[in-house]
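The values are calculated or read from the model by the stated rules, or taken from the named source; none is laboratory data. None of these values were measured; they are calculated from a predicted model. Neighbour counts run over all protein chains shown; Cβ positions are idealised from the backbone, glycine included. Please note that ligands, DNA and RNA were not included when accessible areas were found on the heavy atoms of the full protein model with its side chains. Shrake-Rupley method; radii C 1.70, N 1.55, O 1.52, S 1.80 Å.
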2 protein chains.
Amino acid sequence: MNFIKKITHSHSEQDEEFFLLMKKILGYRPRNLEFYKEAFTHSSLKKTNKNGHPINYERLEFLGDAVLGSVIANYLFKKMPNADEGTLTQMRSKIVSREHLNELGKDLELKKFVDSTIPNQNFGDNIYGNLFEAFIGAIHLDKGYSFCEKFIYRNVIEPYVDIEKLEGKITSYKSLLIEWCQKNKKKIKYQVYEDTGNDVLKHFSVKLFIDNEMVSKGRATSKKKAEEIASKRAFYKLQHLIEQ
Amino acid sequence: MNFIKKITHSHSEQDEEFFLLMKKILGYRPRNLEFYKEAFTHSSLKKTNKNGHPINYERLEFLGDAVLGSVIANYLFKKMPNADEGTLTQMRSKIVSREHLNELGKDLELKKFVDSTIPNQNFGDNIYGNLFEAFIGAIHLDKGYSFCEKFIYRNVIEPYVDIEKLEGKITSYKSLLIEWCQKNKKKIKYQVYEDTGNDVLKHFSVKLFIDNEMVSKGRATSKKKAEEIASKRAFYKLQHLIEQ
């Protein structure tokens, strides 16, 4: 009996821990933890359902890919009212490219949740993007389309999607801003500090000063990204001056 | 003044007619008619927006394709709990194939709404599928995802999607039923009559009798489809006998 109790106990403790980690990443309480568990179950475990069919994250990857495609299409349709179908298709391909999805999965550090028989470092780089898609699929099952759309806005579109950059018009807001400051004899300074806060992931915060006046702030999982976010915000704040 | 009045009048009359036709197909009152107008604007008209960029249904086609893909993915995920990612992808490709979408567009007779400089009969067959996707895009903009999902269920999934058929297990419920009746010495009869009702489209209704007893009914835009729908219903009703 003691043995059974121990198993049950350790199992629910594990669930409790997973629940809290998911809640932190999601920003809400997951309703059905099973969906998220499936999103992190690797095929190497050879888990099966009651009919003997495999359970792993690949089915959720299929679902997440489709939902992500739909949300991004809708965003681009509204954001780019003058773009034709070809441009919209191209822009979406860039946003949901394997490379981009891998980056998103890396930033959310999804790999550490994977349940697998393969040592963590032996996964290829694509595991990040695959997990990210499966995770989106799980959110969709757990909370529905609108909720999932909000998650994608908060975690994909707002921090990472930049139409001007994707169109190749601007490659770096930071260099653009530095150049403009040099030309206009202004002093630019980035003040960066590591900031873990209550997050699972390490974050960097940055304040951007022009002529000793704070213009904007940025926060991301790398110093470079935080600087770029702050630069972009400063760019939009100063746009009327920069584009003169 | 009279001239202007005439134009305004004839324009709003035309809108009123279009509104009623859309309402009939959609099963609800369209909120913003402009979306539906765009869904039927062919590029040959060379219409442009205030920035000089083309207005035609191609942008909406991009949106509708993505929404349709997401709704079908979600349907298949739930309907086929044992299918792996590859099978799900294959099934979705079959459902949203150009051929299948053309058929859907044909059944809704969408071509007759097209605003174009090209004579109606000179469009290729793909116009049906393209219009169908653009129409889905317009519904999504007008009423949102959940509403659009319901429309797709009612107009695509329920009448046309048949997992058993798509899996190649059953190719025709009618032949399956006829064969079973022959083997079991039962008399099968299809009673078909044309039935326009209040619909824009011509419909056929069919009653299916086995040994002079009505077993099921079907209704569709062709005799063949109505018979197949009735046969499918009869199949599920008699399944416990047929599969013995």
Checklist outcome for this item: Picking from A:K185, A:K189, the residue that is on the phi > 0 side of the Ramachandran plot, outside the structural domain of A:S70 (by TED's automatic domain parsing) and more than 21 Å from the chain's Cα centre (by Cα) would be A:K185
Item to check | Where a residue in the stretch A:179-193 is under 19 Å from A:G218 (Cβ atoms) and its partner, wherever it lies, is open to solvent by 100 Å² or more (accessible area, probe 1.4 Å), with Cβ under 8 Å and at least six apart | outcome: A:C181/A:K187; A:K187/A:N212; A:K189/A:N212; A:V192/A:K223
Checklist entry - Which condition number in (1) within 30 Å of B:V96 (Cα to Cα); (2) open to solvent by 30 Å² or more (accessible area, probe 1.4 Å) is the one that A:E17 fails? => result (1)
Checklist entry - Restricting attention to the stretch A:108-123, which residues are under 22 Å from A:L68 (Cα atoms) and in a loop (DSSP other than H, G, I, E, B)? => result A:L108, A:E109, A:V114
Next on the checklist: So, in the stretch A:52-74, how many residues would count as being modelled with pLDDT under 95 and under 18 Å from A:F151 (Cα atoms)?
Outcome noted: 0
Checklist entry - Can you name the residue in the stretch B:50-66 that is within 7 Å of another protein chain (Cβ to nearest Cβ) and not in a helix (DSSP H, G or I) and is also nearest to the chain's Cα centre (by Cα) among such residues? => result B:P54
Next on the checklist: Could you tell me how many of the residues in the stretch A:34-58 are in contact with an Asp or Glu (Cβ under 7 Å, 6 or more places away or on another chain), open to solvent by 20 Å² or more (accessible area, probe 1.4 Å) and farther than 30 Å from A:L166 by Cβ?
Outcome noted: 6
Item to check | Residues located in the stretch A:85-94, provided they are within 15 Å of B:F62 (Cα to Cα) and either in contact (Cβ under 8 Å) with a residue 24 or more places away in the chain or outside any helix (DSSP H, G or I) (or both) | outcome: A:M91
Item to check | Selected residue (only one of B:K165, B:K150 is within 14 Å of chain A (Cβ to nearest Cβ), of a type in the set (D, E, K, R), without any contact (Cβ under 8 Å) to a residue 60 or more places away in the chain and within 25 Å of B:M80 (Cα to Cα)) | outcome: B:K150
Item to check | Verdict on B:I118 being more than 14 Å from every other protein chain (Cβ to nearest Cβ), without any contact (Cβ under 8 Å) to a residue 60 or more places away in the chain and surrounded by fewer than 17 Cβ atoms within 10 Å (Cβ to Cβ) | outcome: no
Item to check | Selection count where residues are more than 8 Å from chain A (Cβ to nearest Cβ), open to solvent by 30 Å² or more (accessible area, probe 1.4 Å) and more than 18 Å from the chain's Cα centre (by Cα), scope the stretch B:73-97 | outcome: 5
Item to check | Qualifying positions in the stretch B:98-107 - open to solvent by 20 Å² or more (accessible area, probe 1.4 Å) and under 23 Å from B:L21 (Cα atoms) | outcome: B:E103, B:K106, B:D107
